[in-house]
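Take a look at the structure below.
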Amino acid sequence: MIVADLHFDAFAELRGKMSVALTPFRAVADLPGKTYNTTTDYFSSRTNLVEERDGLREKLIRERVRLQSLDFFVTQNQRLRDILKLSEKVEGKWIAADISRNVANPQSERIYLSKGLEDDVAAGMGVVGVKGIIGQIVRVDARTSAVNLLSDANQWIASRNKRNGLFAMLRGIGDGSGEMIAEYLPENADIKVGDTLVADGGLFPAGHSVGTVVSVTPEVSYLRVHIAPAEDFFTHKTVLIYSSGIFP
């Protein structure tokens, strides 16, 4: 049969019929292999897509961080330019300093600066920002100094009402609100909500903003006046230390 089929192709028709009959069985036999290949291709493609997605996410995060850093440095550079303009307008000795760490609580509202005795900083010098007075240096080490914020309960500043020249001594409330209070104002004093109070000079640059009156409450024989500071004490990185010439 083998010789006859080989030489005379005797079983060609039979082979054709058997091939047709076995086609379903061949398809079933090939199914596991095809399924394996399809599954492998699926998971391989999915893995590649996941890796590509993660790579794009990482790149997006890096770009966002970079843009935020650029925005931060642009803002800081603008503040530095504004501070430089301020120091050029007001006579006196100016020392730029970075805020190294912040401490704020109802008992002691302070910031700490990166300049000290080695930089000719002395206790009593004023500290200012672009918008207004920040506080006063109360302790100096070799390379650092501590600043009482205007909101500290032990901090005082002489001020005048920009609208009419009314003199007022201000001190911090020290309750964490950041506000100050005007002391010893008579009940008939001409001061209103919205008035701007400026420094009267001395240890602080005269005319520089101290704060804005936010409430005026009549008491028995005086006015209780609350003032919001002109500066946000905790948003700065760089401030100016001011010496009016009182210090050597």
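The values are calculated or read from the model by the stated rules, or taken from the named source; none is laboratory data. Just so it is clear, the structure is predicted and the values come from calculations on it, not from any experiment. When we count neighbours, we look across all protein chains shown, and the Cβ atoms used for this are built from the backbone with ideal geometry, even at glycine. Side chains are part of the model used for accessible areas, which takes the heavy atoms of the whole protein and leaves out ligands, DNA and RNA. Shrake-Rupley method; radii C 1.70, N 1.55, O 1.52, S 1.80 Å.
Residues in the range 117-129 carry Karplus couplings, in order, of 4, 5, 10, 6, 8, 10, 4, x, 5, x, 10, 10, x Hz; the curve used is 6.51 cos²θ - 1.76 cosθ + 1.60 with θ = phi - 60°, and Gly or Pro positions show x. Please work out the FRET efficiency for the pair D232 and D141, using the Cβ-Cβ distance as r and a Förster radius of 30 Å; give the result to the nearest 0.05. Given R0 = 30 Å and the Cβ-Cβ separation, E is 0.70. Note on the range 140-209: with neighbouring protein chains present and a 1.4 Å probe, carbon and sulfur make up 48 percent of its accessible heavy-atom surface.
Sparse packing (at most 14 other Cβ atoms within 10 Å of the Cβ) combined with a DSSP loop state is found for the following trypsin sites (Lys or Arg not before Pro) in the range 117-156: R143. Among the listed pairs K93/K131; K93/K162; K131/K192; K93/K192, those with a Cα-Cα distance over 28 Å are K93/K192. D by Stokes-Einstein for the range 202-248, Kirkwood Rh over Cα pairs, 20 °C, 1.002 mPa s: 157 µm²/s.
On the basis of the beta-carbon distance and an R0 of 41 Å, K131 and N188 show a calculated FRET efficiency of 0.85. Over the range 177-248, accessible surface divided per residue gives 46 Å², non-protein components excluded, 1.4 Å probe. Phi angles across the range 185-200 convert, under the Karplus curve 6.51 cos²θ - 1.76 cosθ + 1.60 with θ = phi - 60°, into 3J(HN,Hα) values of 8, x, 5, 9, 5, 8, 9, 10, 4, x, 5, 9, 9, 10, 5, 8 Hz, Gly and Pro given as x.
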